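Notes for the one structure printed next.
Just so you know, all these numbers are worked out from the coordinates, no wet-lab data involved. Predicted, not measured: the structure shown is a model, and the values here were computed from it. Here the Cβ positions follow ideal geometry from the backbone for every residue, glycine too, while neighbour counts run over all protein chains shown.
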There are 2 protein chains.
Amino acid sequence: MNAPAKAPARSPLMPLDDALASLLAQVVPLTGVEAVTTFDADGRVLAADLVSGLQVPPQDNSSMDGYAVRSADVTHAGAVLRVSQRVPAGAAGHRLEPGTAARIFTGAPIPAGADTVVMQEEADAVGGDFNAVRFHATPAPGQWIRRAGEDVMRGAVVLARGERLSPASLGLAASIGLSHLSVVARPRVALFSTGDELVMPGEVAPEAMPPGAIYNSNRFFLRALLHRLGCEVSDLGIVPDRREATVAALKTAADHHDLILTSGGVSVGEEDHIKPAVQQLGSLDLWQIAMKPGKPFAHGTVRRDAGAGADAAAACHFIGLPGNPVSSYITFLLLVRPFLLKLQGAREAAVKPLSLPAHFTVGKADKRREFLRARRNAEGGLDLFGNQSSGVLTSAVWGDGVVDNPAGTTIAPGDLVSFIPFSELLA
Amino acid sequence: MNAPAKAPARSPLMPLDDALASLLAQVVPLTGVEAVTTFDADGRVLAADLVSGLQVPPQDNSSMDGYAVRSADVTHAGAVLRVSQRVPAGAAGHRLEPGTAARIFTGAPIPAGADTVVMQEEADAVGGDFNAVRFHATPAPGQWIRRAGEDVMRGAVVLARGERLSPASLGLAASIGLSHLSVVARPRVALFSTGDELVMPGEVAPEAMPPGAIYNSNRFFLRALLHRLGCEVSDLGIVPDRREATVAALKTAADHHDLILTSGGVSVGEEDHIKPAVQQLGSLDLWQIAMKPGKPFAHGTVRRDAGAGADAAAACHFIGLPGNPVSSYITFLLLVRPFLLKLQGAREAAVKPLSLPAHFTVGKADKRREFLRARRNAEGGLDLFGNQSSGVLTSAVWGDGVVDNPAGTTIAPGDLVSFIPFSELLA
């Protein structure tokens, strides 16, 4: 009883920004590249600059349905011109005869000689066959003309390497004639579950759940989040509960994946065989991050066999998230998301927080930086979810983002707080 | 020359809110339902309430690694208790002997008799075999205990019919033991292209593009946007340029789709054979919406054959978007997106705009409500893309949202403006 105390080490918690910087410092972007059709490239990261071989639009064209004229020919309201040609979109037209108008449609090229467009709402067709037109007003030179190269100049880099493609950027790539794009390979992620208490939904009915058992929920949102980030996911199920089997499973996963991701088993005193297995196969840093929810977070590497078919990189990343659902969810969004984007060579991963007024109170300051689940209300302020426990996943469903509250800070109604919308982290 | 003027009708433009209300009034949500695995339900809309058959967590459990005790047994700092049992997560534990402590881990059920948890950082193991523990402070009753049912009560509706599922909500559904979910059928959308000037990327090289020809870019972002909204997309390519073939193609598409979507060909005087074909097969409203970019927008229906295999609904929706890329993109996000969400029975489709300071000037008011492409800067304000032409798709790639500027309004630096982030419309 009088033996020396064996307290667990109590090192100071690591600031989140330091943890993120340290994690990202260990990422070497993937070098694998694949060609996909532009249709299939949504969410992927460009592996090369897209340089335009043409200008968009290719020539001056009309942005209205109406009449292309020489502005010098329409000097007063009521002027009437003969309609000498008709230029639909896709046609080329020919040089405009002086003193005449060209009937023109949106997108059609401006005939040579014409220097302005009168929209049809400001003109009346006259004559039985629409063969002349009367103008209500005098047009300014250059009006309703979209200039050649206005959107894209020939030789311009329209999208740079590292751009994460959105629907609009697929449209832009198509507009310069690209049917295929060179994108960075998908990160291959092996997802493990750990925790003896975990039961997969469908395996045991709710009424038959043994005491202490809970359903595995983390695997479901982790898989969905990984897919949204463009990853290829191998779900390797529950980690076997013998050390040697665990070592074997990790080794096999490491050879064919870029990241092994698990949740649970990374707390200080937690029962787990993944930790020693990763340590045996490579290295593992166990961090205590000054964030709430969150705190325990592990990053390490698992060596690959140098043998046949092994990857260029000598090791596979390992990340262990905390087991509490909200902790797992939030640490994924704030740490694993930027990790995976950097792995794909994406240029921008940081999200810009909003500054919004709190419509709630946080009366008790926390020692850790908190990420409080909240949502925007109709008055432009933020409401707080009532139960901020890291076990209550409902908070992340109800909320549409998190308030990033610095350590040691209370919040009074009306205070401007930093808010990160989930939509920015999920898109 | 003196024949009566034949001006096109000049009816007042329709406010966007009226157009949206009128469009949504015509939507009857799909009745088709399918069961998908919870893993595959991201982005889908729930067809039935999810009612919990259990409480989450199932019993009181520890939110820390540490020691479960009777608070009455730890009345002063330095108190030492024998460790009488060890309760890992997933174990059940047994009734706590008075005057002893239970070693406990995060997620493990609180043994009967214990009423509080001391985290291990506030205790020291004493004795060679960790068989006793000394506490640094006196614990408050109930601390570090997550209560049974704290997240979900038995019988509670955890997610309601009409909820659009996110990664977090998949986790929540899994946490109550659901391996499959009943979701609304995917809307089946047929995508047509129209416009003689359109060339598909890959078909003609940039340097070989004939005068007047432009690459089809709209089809690329429309397909990606439809996929993000959970739709099944049939890309039916370019509309044939003969009236009868167009009628036949529309009829076939109508029988097997919920929506036929096209862009281009809906302006007042535009050359097009889709318009008369839709009118022949059903009905078509051509709207002029008071928005910029945007304005021309068509909604109608195409009757279905009553014959074999025809759908319950008597007609398929038809929507014609403007042809300019930015107009097409913005009208999709502001009109077609809520349309498709309502078609899936989603409860919430409206986005909450942000109020942010303009760091730019709009010196000339427009008659129409404008959606200006802008992006948030590091100072918390908004920068405007320089070229707001509806032909310049770069604006929608550069921007991370749109400023919703009311008709007739100028903007000065520092003015608070309404901003809709694209992330809210794309997630």
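Quick look at the values:
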read-out: Subset of B:Lys275/B:Lys295; A:Lys295/A:Lys342; B:Lys295/B:Lys364; B:Lys275/B:Lys352; A:Lys275/A:Lys352; A:Lys292/A:Lys364 violating a 25 Å alpha-carbon distance limit; value: B:Lys275/B:Lys352; A:Lys275/A:Lys352
read-out: Shielding score for A:216-229, defined as the mean number of other chain Cβ atoms within 10 Å; value: 6
read-out: For segment A:238-264 versus segment B:318-396, the gap between their alpha-carbon centres in whole angstrom; value: 46 Å
read-out: Segment A:65-124: translational diffusion in µm²/s, Stokes-Einstein, Kirkwood Rh over Cα pairs, 10 °C, 1.306 mPa s; value: 142 µm²/s
read-out: Shielding by partners, peptide B:248-254 (average Cβ within 10 angstrom, other chains); value: 0
read-out: Listed residues B:His317, B:Gly265, B:Gly381: farthest to the positive end of the dipole of the protein assembly as shown (Cβ charges); value: B:Gly381
read-out: Inter-copy label distances at B:Gln26 (7 Å, Cα→Cβ; nm, one decimal); value: 5.7
read-out: Mean Cβ neighbour count within 10 Å, used as a protection proxy, ranking A:256-262, B:343-349, A:27-33 highest first; value: A:256-262, B:343-349, A:27-33
read-out: Sequence of A:Val326, A:Val336 once ranked by neighbouring C-beta atoms within 10 Å, starting from the fewest; value: A:Val336, A:Val326
read-out: Protection proxy ranking, peptides A:395-407, A:358-370, average beta carbon neighbours within 10 Å, highest first; value: A:395-407, A:358-370
read-out: Approximate spin-label separation A:Arg95-A:Ile238, in nm, with each point projected 7 Å along Cα-to-Cβ; value: 8.4 nm
read-out: Average beta carbon contacts from partner chains per residue of A:153-163, 10 Å cutoff; value: 1
read-out: Alpha carbon convex hull of the protein assembly as shown, projected area averaged over orientations, nm²; value: 39.5 nm²
read-out: With Cα atoms, 0 to 90° folded angle of helix B:218-228 axis to chain B main axis; value: 30 degrees
read-out: Projected-area mean, chain A, by convex hull of Cα positions, square nanometres; value: 32.0 nm²
read-out: Spatially proximal aspartates and glutamates relative to A:Lys367 (Cα-Cα < 15 Å; intrachain offsets below 8 disregarded); value: A:Asp404, B:Glu121
read-out: Alpha carbon convex hull of segment A:354-426, projected area averaged over orientations, nm²; value: 4.6 nm²
read-out: Residues A:Leu24 and B:Gln279, FRET efficiency given R0 of 60 Å [Cβ-Cβ distance, rounded to 0.05]; value: 0.55
read-out: Paramagnetic reach from B:Thr361 (point 7 Å along Cα→Cβ, amide N under 18 Å) across segment B:395-427; value: B:409-417
read-out: Chain A: angle of helix A:243-256 to the longest principal axis, Cα-based, in degrees nearest 10; value: 20 degrees
read-out: For A:Glu379, inter-copy label distances in nm, listed shortest first [label point 7 Å out on the Cα-Cβ vector]; value: 3.0
read-out: Distances in nm from B:Thr138 to the matching label points in the other copies, shortest first (labels 7 Å along Cα to Cβ); value: 9.5
